[in-house]
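Below you'll find the structure I mean.
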Amino acid sequence: EAVPEELRPVVGDRLVEEDAEGEPVPLKLADLRVGKPLLAFPFDVASKKVRSETRMNKVVLLRLPEAELDNETRAVAAGGVLAFSGVCTHMGCDIKTWMVSEKVFACFCHGSKFRPLDRGSVAGGPAPRPLPVLPIKLEGEQLVIAGPFTAPPGFTPQA
Ligand code: FES
């Protein structure tokens, strides 16, 4: 049976910063600065375990001005914070760079770009598919996972 650390994100999970030290502290809206991506993992409140045993659970969070979000994006966002798989769909590098001029996430491994304001669609480079969206919501000030990834996170290894 899978342990909590290995499970995919579950509705109601919080999010904790990838590199945080010590006791995990669930992220609040105010912890996100506009335009500064943050890598995070789901956090199971009941067991107090971070679901970080698989890097396929890595999440990239990005806070943007709420006015930039269309209705479809707003429905899966929380106070202007968007969440996606943090694993490039090309060959799996971390997604952690936001290019404000182009409004894309960039993966510098091979130059793929993704549009967070268009459901993670591919804007360039070799990535074969969009970045899966992770729906989130606010409960009070807390960022809370509201649904599963919209597609399996990860990448297709080259033969
Ligand atoms: Fe991201 Fe290749 S792994 S572009």
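The values are calculated or read from the model by the stated rules, or taken from the named source; none is laboratory data. On a predicted model such as this, the values are computed, not experimentally measured, just so you know. All Cβ positions, even for glycine, are placed from backbone atoms using ideal geometry, and neighbour counts span all protein chains on display. Each accessible area value is taken on the protein alone, full model and side chains, heavy atoms only, with ligands, DNA and RNA left out. Shrake-Rupley method; radii C 1.70, N 1.55, O 1.52, S 1.80 Å.
Could you figure out which of (1) of a type in the set (Lys, Arg); (2) in contact with a strand residue (DSSP E or B) (Cβ under 9 Å, 6 or more places away or on another chain); (3) closer than 16 Å to LEU62 by Cβ; (4) more than 9 Å from the ligand (Cβ to nearest atom) isn't true of LYS113?
Of (1) of a type in the set (Lys, Arg); (2) in contact with a strand residue (DSSP E or B) (Cβ under 9 Å, 6 or more places away or on another chain); (3) closer than 16 Å to LEU62 by Cβ; (4) more than 9 Å from the ligand (Cβ to nearest atom), only one is false for LYS113: (4).
Would you tally the residues in the range 100-110 being within 14 Å of the ligand (Cβ to nearest atom) and either of a type outside the set (Val, Ile, Thr) or out of contact with any Gly (no Cβ under 9 Å at 6 or more places or on another chain) (or both)?
Here the count works out to 6.
Any residue at all in the range 27-39 that is surrounded by 17 or more Cβ atoms within 10 Å (Cβ to Cβ), in contact with a Ser or Thr (Cβ under 6 Å, 6 or more places away or on another chain) and within 18 Å of GLY86 (Cα to Cα)?
No, because not a single residue in the range 27-39 is surrounded by 17 or more Cβ atoms within 10 Å (Cβ to Cβ), in contact with a Ser or Thr (Cβ under 6 Å, 6 or more places away or on another chain) and within 18 Å of GLY86 (Cα to Cα).
Got a number for residues in the range 54-76 being outside any strand (DSSP E or B) and under 11 Å from the mean Cα position of the chain (by Cα)?
So the count comes out to 3.
Further question on the same structure: Please work out which residue is nearest to the ligand (Cβ to nearest atom), limiting yourself to the range 124-136 and to residues that are buried (at least 18 other Cβ atoms within 10 Å of the Cβ) and assigned to a strand (DSSP E or B).
By that ranking, first place goes to VAL133.
Listed residues THR97, THR89; which is under 14 Å from the mean Cα position of the chain (by Cα), surrounded by fewer than 15 Cβ atoms within 10 Å (Cβ to Cβ) and of a type in the set (S, T, N, Q)?
THR97
List pairs: first residue in the range 139-152 and open to solvent by 80 Å² or more (accessible area, probe 1.4 Å), second residue modelled with pLDDT of 95 or more and not aromatic (Phe, Trp, Tyr) anywhere in the structure, Cβ distance under 6 angstrom, at least six positions apart or on different chains.
Listed pairs, sorted by first residue: GLU141/LYS28; GLU141/LEU29; THR150/PRO132; THR150/VAL133.
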